[in-house]
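Asker: Let me begin by handing over the structure; questions about it come next.
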Amino acid sequence: MTNTASPPRRWTADVHREVLSNGLTLLVQRDDSAPAVAAVTHVRAGFFDEPDRWIGISHVLEHMFFKGTPTRAVGQIARETKSAGGYLNASTSYDRTSYFVVLPASALARAVDIQADALRHSQIDAGELERELRVIIQEAKRKLDTPDAVTYETLHELMFDHHRIRRWRIGTEEQLSGYTREDVAGYYRSRYVPERTIVSVVGAVPVEETLAVLRAAYGDWTSAPGAVDPSPTEPPREGVRARTLRGDVTRAELSLGWRTVDALHPDSVPLDVAAAVLSAGRGSWLYRILREPGVVTGISASNYAPGDVGVFSISADVEPARVDQALEGIASATSRLALLGPGEADLNRARTLLQARWARRNESMEGRASALASAEALGRIELLDEEYERLSTVTVDDVRAVARRYLLPESVSGVVYLPDGVGEDLTAERLAAAFAVAPLTAIATPEATPPAPRAARAARGSRTAEVLHVPLSGLDLLIRRKPGVPAVMLGYYVPRDAAEAPEMAGVGALAMRSIIRGAGALDAAALAFAAEGLGGTLTPSAGIDWAGLSLPVLSENLAPAATLLRLAAFDPAFNEMDVMTERGLLLEEARQVADDMFRYPFLLAFGAAFRDRGYGRPVGGTVDTLPQLGIDDVRAWHRTSFAGRRGALVVVGDLDPDAAAAELAGVFADVPGGAVAPPRARQLVQPAEDDWQRVTPRAKAQTAFAMAFPGPDRRDPRRHAADVWGAVASGLGGRLFDKLRDRRSLAYTVVGTAWARRDGGAILTYIATSPEREEEARSAMLTELTRFAEERVSDQELAEGVNYLSGQAEVSRQSAGAVAGEIVDAWLAGEGLGELEDPGARYRSVTADAIRDVAAAAFSGARAEGVVRGA
């Protein structure tokens, strides 16, 4: 297989860099691929800058960033941003804290004014700090209830004895509750200074005007030296280390790690490629050794290099009884990489996949602005181009050398998180033995020769909302140009039939997941290699309203990608052993979802709301239904409900629509005509009187509960009022956020949203709080919902909600994947492509009375609840 990646491109082309007299750095790049702009404020201060007395204080300050200035009250920063049509958020990492806002390009000046005010004049009010610390403590408890987060951070603690990466970075409840205004303000004054700040702007904005706006906002900020408190250094060491954690979890989480190097080291990029050889895509070694045969449900490898350290880690979700098998597979793969290195085909697959993923990551304004700021923080923006170019020159010897240098059997560390009372502890001796005698499992390079593309043929169609529609005999082509990066998203989707019978729940998901295990003459590995050599991964989806198969690739590979997509969609192998293996993995995932403190309450609530039918059954099946599904069920579902239905091929990216239509028509013109899916019955939120609340007790730090109320479906004209209600109620600056989180510190996560699907709808809420405050949280939530039903929202709330949704309709079109999703939704679940003309118009017509009417209909009706009750 040859490397089909595009020639290296310059991601920093036309970036204007300017350092102000006070030391602050400005970066501006114009990108007219979408009418949006992102502004990222990157402060070089994170968890590594915190002395032990201030663990987690960077994250505390991140929260206080939104808590007001002398000229903006608490919540006003978020509300003004929402009113401008934008969203804002922040994240704290080991070496930085980043604040970002993404909004329509026309509102940039307003966003810069808001961000600069928050950055320079954060008030850090003592009372607000006290309340926010209680919120952060709830966030810390949520993290304790997340097994993979606990496992991964424990790995860092195990691997390092001195460096600050070893600490529980968010801080403990005891330490957080003791922080004072003087602590936080002292950290703020000493770290948030111009010389440690980078402001990066990417979007459809004129460069010189943008620079003028930025100079005006930051130019008079007084320069000051930033405090430097570096982490203790970590001496080299050898020796195998292991630790076992136990708790109320359903499966084991396994994480292994080795120390590596910082991001600027010459070995950093080859380590990234090594991680891709091991785990990127379905053609990767670990996927084929462990995931494909069903030993693990998930496997990943990465090289993470924040600041002056590096960690190469491999993580897996696995049954406790199969931990030794997972260890053996990982040890075999890493040993093989160090001794033999990857084959040329493996290397080319990994490099192509990494370059394509790089392109997609930089497709959004926010992604590129963040990447530019990060590169500047490391030394210079050109590092972005150099790293991208280095990907194409990494050799087999380079990968083998870094694996041999860093992935040493005698230096591995491992953490396993096991269910209480189940499985064997992971000891250093057990871990060392797994790596000392690792067999070099043969990993054959598959013959990945897909069918040859067919000749193009004439294709005529019509355009609506910039989408070219070409009807073929068996399907519809929907094509839209999205410039920006040399990539294309293509996918084939069909509407779902009537809801699966309760006893057949999961059959569609099982069929779609089994499709990628082989098609035509290609087995699973060959199919994966063929797709990943084009720059993408075949991804099946089995949603509530449609099923599909997507493949993102480099633009130049459209025709071979379409040919491969057709093969997988219409000629799957459905080998019985493969299907049964996939069934076993789905079954394990159905069990593991109970560990997810966000998803599982909703799963319980939907089951009660729809009485375990239709939308009330998990798309992926249940522990009761999946064991009953067989190969005949899968083949029958595919024949009648996927290949036998008229679907849509949606293609979005950097292409010429007419030329693409001709290529695609050549591939798909002779697909047999499928039947149009029949109408489905409407599904209503109607819980049984004696089963409206479903409760699962767990040994967790929090209680989380979701509520489901009746709401408008996808084609109900009231759904836009329901969406505006969600914008008013939820998110930073939303009413639920203000009343339940900001004022009462009940929770870190508070959600209120409209859920509209083709045949039913709901209004949903969620909150996670301390177990002892469950009833207080429920009462407070219901009080606020009743207010919505009885009172009109204010003119200001209405304007903010409408402007936010109208703005996001523009902002959301930054990536080909997002645009493709919008087209699929309009075509298969909505009222057609006309919806895409001006998606903000229907929001602008919503009134306060319409919102009250939707709320009254929802909150005066039935209510279903799903509760995971912590102890």
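The values are calculated or read from the model by the stated rules, or taken from the named source; none is laboratory data. Values in this document were obtained by computation on a predicted structure and should not be read as measured data. Here the Cβ is made from the backbone with ideal geometry for all residues, glycine too, and neighbour counts use every protein chain on show. Surface accessibility is based on the protein's heavy atoms, side chains included, excluding ligands, DNA and RNA. Shrake-Rupley method; radii C 1.70, N 1.55, O 1.52, S 1.80 Å.
Asker: Only one of V249, V213 is in a helix (DSSP H, G or I) and touching a residue at least 60 places away in the same chain (Cβ under 8 Å). Can you tell me which?
Answerer: When all the criteria are applied, what remains is V213.
Asker: Could I ask something else about it? Among the residues of the stretch 325-337, which ones are open to solvent by 10 Å² or more (accessible area, probe 1.4 Å) and either within 14 Å of S411 (Cα to Cα) or out of contact with any Leu (no Cβ under 7 Å at 6 or more places or on another chain) (or both)?
Answerer: Q325, E328, S335
Asker: Ok, one more. Of all residues in the stretch 384-408, count the ones that are closer than 18 Å to R349 by Cα, outside any helix (DSSP H, G or I) and either at pLDDT 95 or above or of a type in the set (V, I, T) (or both).
Answerer: 3
Asker: Using the structure shown, decide if F602 is surrounded by 20 or more Cβ atoms within 10 Å (Cβ to Cβ), aromatic (F, W, Y), modelled with pLDDT of 95 or more and closer than 21 Å to I767 by Cα.
Answerer: Criteria met by F602.
Asker: Continuing with the same structure: Taking the condition among the charged types (D, E, K, R) and either modelled with pLDDT of 95 or more or over 29 Å from D229 (Cα atoms) (or both), does K67 pass?
Answerer: no
Asker: Within the stretch 541-564, can you find the residues that are under 25 Å from D656 (Cβ atoms), touching a Pro at 6+ places or on another chain (Cβ under 9 Å) and not in a helix (DSSP H, G or I)?
Answerer: Result: G548, L549, S550, V553, L554.
Asker: Scan the stretch 109-117 and give yes if some residue there is over 25 Å from the mean Cα position of the chain (by Cα) and under 20 Å from A747 (Cβ atoms), otherwise no.
Answerer: no
Asker: May I pose another question? Considering only helices (runs of 4 or more DSSP H) fully contained in the stretch 287-383, which possess at least 1 residues that are farther than 28 Å from H156 by Cβ, out of contact with any His (no Cβ under 6 Å at 6 or more places or on another chain) and among the charged types (D, E, K, R)?
Answerer: In the stretch 287-383, 344-361, 365-378 are the helices (runs of 4 or more DSSP H) which contain 1 or more residues that are farther than 28 Å from H156 by Cβ, out of contact with any His (no Cβ under 6 Å at 6 or more places or on another chain) and among the charged types (D, E, K, R).
Asker: Could you identify the single residue in T696, T703 that is among the polar types (S, T, N, Q) and open to solvent by 10 Å² or more (accessible area, probe 1.4 Å)?
Answerer: The conditions single out T696.
Asker: Which helices (runs of 4 or more DSSP H) sit wholly inside the stretch 724-835 and have at least 1 residues that are open to solvent by 50 Å² or more (accessible area, probe 1.4 Å) and touching a Gly at 6+ places or on another chain (Cβ under 7 Å)?
Answerer: 795-811
Asker: In the stretch 519-540, which residue that is assigned to a strand (DSSP E or B) and at pLDDT 95 or above is most open to solvent (accessible area, probe 1.4 Å)?
Answerer: Once the filter is applied, the top-ranked residue is T539.
Asker: So for the stretch 568-583 (the condition being in contact with a Pro (Cβ under 7 Å, 6 or more places away or on another chain) and surrounded by 22 or more Cβ atoms within 10 Å (Cβ to Cβ)), does at least one residue qualify?
Answerer: no
Asker: Sort through R646, R680, R617, R613 and tell me the only one that's open to solvent by 30 Å² or more (accessible area, probe 1.4 Å), touching a helix residue (DSSP H, G or I) at 6+ places or on another chain (Cβ under 8 Å) and closer than 20 Å to V494 by Cβ.
Answerer: Sole residue among the options that is open to solvent by 30 Å² or more (accessible area, probe 1.4 Å), touching a helix residue (DSSP H, G or I) at 6+ places or on another chain (Cβ under 8 Å) and closer than 20 Å to V494 by Cβ: R617.
Asker: For the stretch 773-790, check the following and say yes or no: at least one residue is in contact with a helix residue (DSSP H, G or I) (Cβ under 8 Å, 6 or more places away or on another chain) and acidic (D, E).
Answerer: yes
Asker: Ok, one more. For S190, indicate whether it is farther than 19 Å from T69 by Cα and either open to solvent by less than 30 Å² (accessible area, probe 1.4 Å) or small (G, A, S) (or both).
Answerer: No.
Asker: Enumerate the strands (runs of 3 or more DSSP E) found wholly within the stretch 5-122, keeping only those where 3 or more residues are open to solvent by less than 50 Å² (accessible area, probe 1.4 Å).
Answerer: 25-30, 36-43, 87-92, 97-104
Asker: Out of the residues in the stretch 449-504 that are in a loop (DSSP other than H, G, I, E, B) and of a type in the set (D, E), state the one that is nearest to A665 (Cα to Cα).
Answerer: Filtering the stretch 449-504 for residues that are in a loop (DSSP other than H, G, I, E, B) and of a type in the set (D, E), the one nearest to A665 (Cα to Cα) comes out as E466.
Asker: Looking at A862, A855 in this structure, which one is part of a loop (DSSP other than H, G, I, E, B) and either without any contact (Cβ under 8 Å) to a residue 40 or more places away in the chain or within 30 Å of Q702 (Cα to Cα) (or both)?
Answerer: When all the criteria are applied, what remains is A862.
Asker: Is it true that V228 is modelled with pLDDT under 95, of a type outside the set (S, T, N, Q) and open to solvent by 40 Å² or more (accessible area, probe 1.4 Å)?
Answerer: So V228 fits the description; yes.
Asker: So, in the stretch 439-482, exactly how many residues are farther than 22 Å from L554 by Cα, surrounded by fewer than 18 Cβ atoms within 10 Å (Cβ to Cβ) and of a type in the set (A, V, I, L, M)?
Answerer: 5
Asker: Open to solvent by less than 40 Å² (accessible area, probe 1.4 Å), in contact (Cβ under 8 Å) with a residue 24 or more places away in the chain, closer than 29 Å to L746 by Cβ and not polar (S, T, N, Q), is that true of P687?
Answerer: In short, yes.
Asker: Of the conditions (1) of a type outside the set (S, T, Y); (2) closer than 29 Å to P266 by Cβ; (3) modelled with pLDDT of 95 or more; (4) not in a helix (DSSP H, G or I), E424 clears all except one; give me its number.
Answerer: (2)
Asker: State yes or no: is E208 over 31 Å from the mean Cα position of the chain (by Cα), under 12 Å from H16 (Cβ atoms) and open to solvent by 30 Å² or more (accessible area, probe 1.4 Å)?
Answerer: yes
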